[in-house]
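Report on the structure given below.
The values are calculated or read from the model by the stated rules, or taken from the named source; none is laboratory data. From a predicted model like this one, the values you see are computed outputs, not experimental measurements. Every residue, glycine among them, receives a Cβ derived from its backbone with ideal geometry; neighbour counts consider all protein chains shown. Keep in mind that these areas ignore ligands, DNA and RNA; they rest on the heavy atoms of the full protein, side chains included. Shrake-Rupley method; radii C 1.70, N 1.55, O 1.52, S 1.80 Å.
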Amino acid sequence: MNIWRAVIEALESLNGNKMRSGLTMLGIVIGVAAVIAMLALGAGAQDTILGSLSGIGTNLLFVFSGGEDESIRNPEPLTIGDAEALQDSFSAPSIEAVAPILQGSSEVSYGGEASTVTLTGVTPAYFPVRNYAVTEGETISEEHILGRASVVLLGVEVADNLFGHRDGLVGETIRVEGQPFRVIGVLEEQGGGMMGSQDNEILIPFSTAQARILRRSPADRVDVIFVQSVDADSVTTTEEEISQILSQRHRTAVGENDFTVFSQQDMVDTASSITGILTTFIGGIAAISLLVGGIGIMNIMLVSVTERTREIGLRKALGARKQDILIQFLTESSLLSLVGGLIGIALGWAIGAVVGVISTNSGTAFEPVVSLSAILLATIFSTVIGLFFGIYPANRAANLVPVEALRYE
Amino acid sequence: MDAPVIITRNLTKVYKMGEMEVHALRGVSLEIKRGEVVAIMGPSGSGKSTLMNTLGCLDQPSGGEYILDGETVADLNDDQLADIRNRKVGFVFQSFNLLARSTALSNVELPLRYSGTTSGRKEKARLALESVGLGDRIDHRPAELSGGQQQRVAIARALVNEPAILMADEPTGNLDSKVGQEIMDLLLNLNKESGTTLIIITHDPKVAAQAQRTIRLHDGQIREEVPA
């Protein structure tokens, strides 16, 4: 008996009991839809996170004060001196650029408008390191640093909040913590990121921040040092060089660094492992749903075998061998779950798309990704479930004794 | 003439019902010639159904010898029995036993599918339906056919593989006497034309009277054989 004939016959039989077939499929539909939607959202979330991470810059490392665990007490703060030491191309050949920053929250105002923004004191090196550019005006230069100039670069959100527009702002004067600052440029739009909105930010010269806005003690303290590696392959080497230089300067024992070096790759890994855990978790729930769906199929197939005992007896009387009956019922059960799986894929896709549209409309750019491998996985997995849970009922049908099956009422 | 199509020697069949053993057949020996029309009669519990099941290869005897169309049936496994049923036995049941969802043509085609016939199945099935006078009903489903027509479809299905014997179990039992007689006429006609051996299990003396020979069973044994 060829397989197409078996498929057509199975479809006829499933079609003969539409309500029952539909309800039986539902378990598989829900399970597969959950799997597909979760995989799509997980992949989409990962893409979004990776996108925003790579938007921070390329081949970046971040140096913070404080140890990786709480065993390090009273860490020595990072200083300008630390940042300058890292710039030494002899002891740190794989470091491309170093950008120390001071960062804090600050009140800005223009006319009657006021707003709370993230204020960052930066050096000229900050712009290439962070891939920052201006849409108009200029960036912060060495002269601004030397002169502790009262100049400011605005993020687009700040410009929107204070002025209501984004162009023609160069030359305006705003107040930062009550002190007048001249606007010298507007930053390109960055979009949302891991560290909150990067557009609600103003940049001023490092020396100005140090002297007038974000006073630290000791006075030469810096909050974070951004380090750019010469290329992607040197990130690990760079990490080692930073550790060596700083532990020497801070005179810390091996393994007891009072600072933390964190690379972009570390952040990517952390983000991936979080989305990975989420995907596994939801996948587990989906697997339970598929298991329940499979048991539903088994249950219905057992009912079907009992109902059709006479038919099975007749088929055997007409010369059907065990394997013919086996194939007939396995085809039915796997078609049941395959069709359920296909509907589930479509439904999961739709759910993913809807969630994507909703989150994009609410401000987070998010593109769910249904991969070919997810579709193949779901298709194969649902068919296998049908086969697996169909084996017992089909075997029962195939082993019916024809004489008794024919007599069954 | 040539060898009998059915030879049994001392057939026995024992069923175990819990502790009890039921002897359904107690040594049945018979021969049926090719092309013969034989009726098997007997009260219920006489072993008539068991004999039919055994002769139709639906069940294996507990003891004795059975040769169908030159093949020894004892010791065959389930799949080999299925194969013999498919090639050598056609069944006609009292309650027709058609597949309700399938058309007349698909019903008749079914044995051809199990025999692995690949080409010309539809044509063969159509010819079989024509030979029972249903050439114009091939796309009807059983529910759209009368009882007599359904039994004709069942007969076409039994004949489509050109079996050596046709086993009819109370073929007229679910039909009124007029339609029943039409079915009997059809069976006898087919026997005359194609020479298919016809074995009819029946309660009805009027049906048995149309056979060439009647075998009466009682208590698992042949009581008497009555030639017509």
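Structure values in brief
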item: Normalised contact order of chain B, rounded percent, pairs of Cα under 8 Å and 6 or more residues apart; result: 28 percent
item: Square roots of 5 times each gyration tensor eigenvalue, C-alpha, chain B, largest first, Å; result: 29, 20, 17
item: Taking N as its residue count, the alpha carbon Rg of chain A over 2.2 N^0.38 Å; result: 1.51
item: Angle between chain B longest axis and helix B:78-88 axis [Cα atoms, degrees, rounded to 10]; result: 60 degrees
item: Label-point separation, A:N395 to A:N74 (7 Å along Cα→Cβ), nm; result: 7.3 nm
item: Global form of segment A:76-257, assessed from the alpha-carbon gyration tensor, a/c cut-off 1.5; result: prolate
item: Long-range amide H partners of B:R34 with built H, under 5 Å; result: B:V5
item: Size of electric dipole in chain A: Cβ of Lys, Arg +1 and of Asp, Glu -1, about Cα centre, debye, nearest 20; result: 2680 debye
item: Signed unit charges on C-beta, dipole axis of segment B:61-208, positive-most listed residue B:H203, B:T72, B:S119; result: B:S119
item: A:S106, B:S146, ranked by accessible area, largest first (probe 1.4 Å); result: B:S146, A:S106
item: Convex hull volume per residue for segment A:108-176, taking Cα atoms only, in Å³; result: 92 Å³
item: Overall Cα dimensions of segment A:1-81, principal axis frame, Å, largest first; result: 83, 29, 23
item: B:H218 accessible area, assembled protein chains, probe 1.4 Å, Å²; result: 80 Å²
item: For segment A:76-257, size of Cβ-based charge dipole, Lys and Arg +1, Asp and Glu -1, in debye; result: 720 debye
item: Span-rule helices in chain A, defined as complete DSSP H runs reaching 27 Å or more along the axis (Cα) with Kyte mean at least -0.5; result: A:18-55, A:264-307, A:322-361, A:372-398
item: Helix-only [θ]222 nm of the protein assembly as shown, DSSP H runs n ≥ 4, -39500 (n - 2.57) each, per residue, nearest 500; result: -15000 deg cm²/dmol
item: Inter-chain shielding of A:316-329 (mean C-beta neighbours from other protein chains, 10 Å cut-off); result: 6
item: Whole-Å distance, taken between Cα centres, linking segment A:38-60 and segment A:252-267; result: 23 Å
item: Accessible area buried between chains A and B, both sides summed, probe 1.4 Å, in Å² to nearest 100; result: 2200 Å²
item: Förster radius 41 Å - calculated FRET efficiency between A:T280 and A:T135, Cβ distance, rounded to 0.05; result: 0.45
item: Selection from A:V254, A:A34, A:I174, by position along the positive dipole direction of chain A (Cβ); result: A:A34
item: Helix axis angle, B:121-131 relative to chain B longest principal axis, alpha carbon, degrees; result: 80 degrees
item: Backbone N under 13 Å from the B:N174 label point (7 Å along Cα→Cβ), restricted to segment B:32-47; result: none
item: In degrees, nearest ten, helix B:177-194 long axis to first principal axis of chain B (Cα); result: 90 degrees
item: Selection from A:S382, A:L330, A:I277, by position along the positive dipole direction of segment A:255-409 (Cβ); result: A:L330
item: Average other protein chain Cβ within 10 Å of Cβ, residues B:73-80; result: 2
item: Size of electric dipole in segment B:6-227: Cβ of Lys, Arg +1 and of Asp, Glu -1, about Cα centre, debye, nearest 20; result: 280 debye
item: Long-range amide H partners of B:T214 with built H, under 5 Å; result: B:A39, B:V226, B:A228
item: Efficiency of FRET between A:M19 and B:K122 - r from beta-carbon atoms, R0 35 angstrom, step 0.05; result: 0.60
item: Per-q log10 I(q)/I(0), segment B:143-228, q = 0.15, 0.16, 0.17 Å⁻¹ (Debye; single scatterer per alpha-carbon; no solvent); result: -0.58, -0.66, -0.74
item: Cα centroid of segment B:9-44 to Cα centroid of segment B:94-147, whole Å; result: 31 Å
